[in-house]
């Protein structure tokens, strides 16, 4: 299966920064698809199902056994007889007919392989989604770190100015202490955010199977292309491509195969047995010369077996298989209903988050301009340090809200892509 990462084209806009240690989203996904631990386990499960899907597992071929029996006997009577028998044999057992169970079992194994591959596709989707969110969580924490660093620089500059003003007699001790407290608070926030960033990088490395201490100097730009989605179009794509829904259809097919297998118990079985026996006998009788005899024989038998009564187990197994098939159909209805509900909620959330991003973007532009104006006013003594600090905090909160708004949109857009099956395509 060749995977084409559509989300790289439709979800995220890229920033072309060239560096040996730059990690792009495309690189992260490629590395993760190769190294992710859960995905590697899932691939092994697919390999197991492929190996199980064989005519041998279904029971089409005969079994051939080599058997060696050694029978030794000592008779303690007047004659005192010692008998040694060595009997090697080759035995063949072949089920020629069992109500077409072999063919139904082979079909079941094929469907189970398809289901295993379908579950693997779900794991691939979930892995890609997790990598996208983890990758942009790193970028989010990095952007937040830059905001806290910017605010710390401003706070330190404010504190230095207040100290200089105190030395010149233009500032009182209370204002200096307040400025110092604000700077130390911003410094503490910066260090805490640095830890958040480092932890997010470690989480990404774990997800893509890289070394825990591996660092990256550049990432892609933190922005998203806003799109207009049509509910009907998304619903149609979801009905065709959603992997969970496809897997449930496979579960329904598997339950139908199990009905056929259970029904096979009604029919007779025809079994062919054949073999070759060679017998070597050594008999030692006291007072008589040792006797050695050899013999061999071939045999071939047909057995026709029809169950008359087994406590209604065959009928019960057939009824249970039919009930399981009905359950699988109910689950299909449930999944369809659940998917429609999730799609409506996600699309509504996406549209609201677009509006929130527009509001947050305008708010950042306004607060940044206000911060620049307030900085000049503070330097010129037009406003005091407390007013300037309030403006800084407003800018900080506005910047963080915008960053969170971008990440929330990426998260919702990625989930929409996964839900509609467009996060990957098979070619």
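What follows draws every value from the coordinates through simple rules; no lab data is involved. Note that the coordinates shown come from a computational prediction; the quantities given were computed from them, not determined experimentally. Heads up, the Cβs are rebuilt from the backbone with ideal geometry, glycines too, and the neighbour counts pull from every protein chain shown.
Each principal axis of the stretch 32-76 carries a Cα extent, and these read 75, 27, 10 Å when sorted largest first. When the P(r) is computed for the chain, the part past 30 Å accounts for 66% of the Cα-Cα pairs. Sorting 301-309, 22-30 by their mean Cβ neighbour count within 10 Å, with the most densely packed peptide first, gives 22-30, 301-309. Packing here is the average count of other Cβ atoms within 10 Å per residue, and on that basis the peptides 58-64, 159-165, highest first, run 159-165, 58-64. Peptides 66-76, 88-98, 198-208 ordered by packing proxy, namely the average of other Cβ atoms within 10 Å per residue, highest first: 198-208, 88-98, 66-76. Using a Gaussian network model of the chain in which every pair of alpha carbons under 10 angstrom is joined by a spring, one finds that among 292, 251, 365 the greatest mean-square fluctuation is at 292. For the stretch 229-311, the relative contact order is 28 percent, taking Cα pairs closer than 8 Å that sit 6 or more residues apart in sequence and dividing their mean separation by the residue count.
Seen through its C-alpha gyration tensor, with square-root eigenvalues sorted a ≥ b ≥ c, the stretch 218-279 comes out oblate because a/c lies at 1.5 or above while a/b is not bigger than b/c. Using the Cβ-Cβ distance between residue 277 and residue 43 with R0 = 41 Å, the FRET efficiency computed as 1/(1 + (r/R0)^6) comes to roughly 0.30. Shown is the FRET efficiency for residue 319 and residue 110, computed with R0 = 22 Å from the Cβ-Cβ distance and rounded to the nearest 0.05: 0.30. Taking label points 7 Å from Cα along the Cα-to-Cβ direction, residue 310 and residue 289 give a separation of 5.6 nm. Taking square-rooted eigenvalues a ≥ b ≥ c of the alpha carbon gyration tensor, is the stretch 68-140 rounded, prolate or oblate, where a/c under 1.5 means rounded and, failing that, a/b exceeding b/c means prolate? It comes out oblate by the Cα gyration axes. The length gained on full extension between residue 72 and residue 240, counted as 0.36 nm times the residue separation minus their Cα-Cα distance, comes to 53.5 nm. Computed from the Kirkwood radius of its Cα pairs, the Stokes-Einstein diffusion coefficient for the stretch 246-320 at 25 °C and 0.890 mPa s stands at 139 µm²/s. In the stretch 80-118, whose amide N lies under 15 Å from the spot 7 Å out along Cα-to-Cβ of residue 267? List them in ranges. Counting backbone N atoms under 15 Å from the label point, the list is 95-108.
Taking each residue as 0.36 nm, the span from residue 184 to residue 299 lengthens on full extension beyond its C-alpha to C-alpha distance by 31.9 nm.
Averaging Cα coordinates gives a centre for the stretch 207-234 and one for the stretch 88-116; these two points are 47 Å apart.
Work out the FRET efficiency for residue 231 and residue 191 from their Cβ-Cβ distance, taking R0 = 41 Å, and round it to the nearest 0.05. That gives a FRET efficiency of 0.35.
Take every Cα-Cα pair in the stretch 280-420 and report what % of them are more than 24 Å apart.
Cα-Cα pairs of the stretch 280-420 separated by over 24 Å account for 71 percent.
On a per residue basis, the convex hull of the C-alpha atoms belonging to the stretch 299-364 measures out at 182 Å³. The helix-based estimate of mean residue ellipticity at 222 nm for the chain, built from -39,500 (n - 2.57) per DSSP H run of four or more residues and divided by its residue count, is -23000 deg cm²/dmol to the nearest 500. Pull out a ≥ b ≥ c, the square roots of the eigenvalues of the alpha-carbon gyration tensor of the stretch 199-327, then state rounded if a/c is under 1.5, prolate if not and a/b is larger than b/c, and oblate in the remaining case. Because a/c hits 1.5 or more and a/b fails to exceed b/c, the stretch 199-327 counts as oblate. Expressed as a fraction of 2.2 N^0.38 Å, the C-alpha radius of gyration for the stretch 93-195 is 2.56. Where in the stretch 392-427 does the amide nitrogen come within less than 12 Å of the point 7 Å from the Cα of residue 372, taken along Cα to Cβ? What the label zone holds, given the 12 Å backbone N cut-off, is no residue at all. Segment residue 63..residue 397, full-extension length gain: 112.8 nm, with 0.36 nm per residue of separation and the alpha-carbon distance subtracted. When you restrict to C-alpha pairs under 8 Å that are six or more residues apart and normalise by the size of the chain, the relative contact order lands at 27 percent.
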